[in-house]
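To keep things clear, I will list the structure first and then write my remarks on it.
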Amino acid sequence: MIEPRATGSEAGGPGATGSRATEPPATEFDQLEPEARTVARDPGDGRHAWIIGGVILGLVGGAVVSYPIAALGVLVVGVGILRWITVDRGLRGLVVIRRIERDRVVCGDLVELVLTVRNRDPLPIPWLRVAEALPTELQLILPDKAAALDDGGTRITGRAELRNGWTLAPYRRITRRVQLVAGHRGVHRFDVVHVSAGDLLGRTIGAEERSMPANLIVRPRLVATTALDARHDWRGERATRTGRVDDPSRFAGVRPYTPGDPVRRLHWRATARLGQPVVKRFDPAREREVVVVLDIETRIDDERQVGPSGRQTEADQLEELCIVAASLARRFEADGAACGLAAAAFSGSPRRIAFAAPSGAPGQSGRIGDLLARLGSFPSTTFPALLGGMAQLVRPGTQLVVVTARDPGPFLVGARRLARSGFAVELLTMGGSGPEHARQARRVGLPARAVRLDAEWRLSRALELVG
C-alpha cells in the first residue's frame, strides 16, 4: 500500500500527509533522512508519581475494604505505566527533518522552509511541538487561516521563533511548508530545533534540542546597468593602452630569438635542432579580464545623514555598494568577460582580503554574489593597501573598476600608479558627493562616473548615471 501524501498548514487536513495502520516498507525518502545530533534532552517527569500514588490508593482501598478506592488506585497505576512507556518511547521513534529548498537566493526572494515530522512508533503522539529560532533578517509569510488559528498551526513569536504543532498517529508523516522572505544580504544560519511532545493529559512526555545545522546564503539584489552604456564603453571596443597579453596555455609555435626576449621563453629543444636560438610563441588571451575593486568603507558626509527618520545610514550605503558590485559582475559575465572581485573585508576565511580571481567559467557572477554575501562590515585593511596590492593579484592589462562611496583622494595616487603599469583603472563613485568625487578623479586623468540607485536599496531596480 502506498501512503497518500499532501502538504498544507493543518495536520490531518489538506496540509497533512496521510497515515497507515502498519509500518510501510523503506522508501527513498527514508534512506535520505538525516540523523540529527541531539544536543540536549529532557526526559519528562511525573512517571513515578502516578505509580506511587496508585499503589497508595490501592493499599488504602484494601485497608478500608473500599472497592471504588481500590479500583481508582488500579486505574492510576495503569495511567502511570502507560505514561512510563510513552516517556521512554515518545521521542525515540520521532523523526524531524528541516530543510531549505534553495540554499542560495537573492535578497528579496522567497525561501521555502520544509519541515517534515514522522512517527515510527506504534504508539500515537497526542501533541507535538517543534520550535526554532529564525534569523531576524528573514520575514515569515503567514497564510490568513494560519494566522487565525488558536492552537496548532504555524505562527511566529516575537518575530524570532517559528512554532509548529501536530497530532501524530502511529506511523504517520506530515510535511509542512513555510515561506520566508530573504530581507537582507548575508549568511543566515539555522541550527537547534526544539522538539517537545505530550500525552492526552497535557503533560510533557519528552523534550529535546536537536542540532540541524544549515546555511542560507542571501546574495545582494541585482539591478539593471543599461544606464551606463550611453556614456561608457563596457565592451572594451576602445583602443587598448597596453600591448596584447599572451596566454601561456595557447602555444602557437616558435620564432627566431630577438634581443630583449626573456630567457624563459627559449625553446631549448628546437634551438638545438635548428642550430639557432628560437623562442616560444603564444596566441593572445581572447577574454577580457575585469576585477571589481570594492571599497566597503563608507562615510555619510552629505545631506542624507544618520537620523531617526529612517534616512540613509552607513549600513544602507554598504548594501548599495554590494548591489552595484554584484550587478556589474553579472553585466561583465553577460558580455563574455572574465570577471572577479576584490575587497578589503573579512569573508569567513583566514584571508584578510576577499578575492575572487577573474574567471569566465559559467556561474562566476553567482560565486561573486556568494562572496559579497559573506562580506563583513568592518575593513580588514586600508583600501589604498588593497589597491596597491592588485598588481600582485592580477596580471597587467586587467581592467580594474573601483566602486567607492567616499572621497577617493587617499587612493588616487595608487590608482594612477596602476594605470601607468598597464592596468585600465576606472572609478564608479556613489553617495551625495559622488559627482564631485568623480570630477576629482577625472582631474588627475582617471576615467570616473557617478552613479546611484533609482530607489531605496530594498526596492531599487536600476542604476542611474548622475555625473
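Please go through region 436-464 and pick out each residue that is crowded, with 17+ Cβ neighbours inside 10 Å and not small (Gly, Ala, Ser).
Restricting attention to region 436-464, the residues satisfying the condition of being crowded, with 17+ Cβ neighbours inside 10 Å are 437-438, 440-441, 446, 448-453, 457, 460, 463.
Result: His437, Gln440, Leu446, Arg449, Val451, Arg452, Leu453, Trp457, Leu463.
Taken over region 144-166, residues that are surrounded by fewer than 16 Cβ atoms within 10 Å (Cβ to Cβ) and either modelled with pLDDT of 50 or more or over 15 Å from Val178 (Cα atoms) (or both) amount to 8. Within region 328-372, the set of residues being touching a helix residue (DSSP H, G or I) at 6+ places or on another chain (Cβ under 9 Å) and either at positive phi or of a type in the set (S, T, N, Q) (or both) comprises Ser347, Gly348, Ser349, Ser359, Gly363, Gln364, Ser365.
Among strands (runs of 3 or more DSSP E) lying entirely in region 226-311, which contain 2 or more residues that are at pLDDT below 85 and exposed (fewer than 13 other Cβ atoms within 10 Å of the Cβ)? The qualifying strands (runs of 3 or more DSSP E) are 246-256.
The values are calculated or read from the model by the stated rules, or taken from the named source; none is laboratory data. Fair warning: this is a prediction, and the values are worked out from it, not measured in the lab. When we count neighbours, we look across all protein chains shown, and the Cβ atoms used for this are built from the backbone with ideal geometry, even at glycine.
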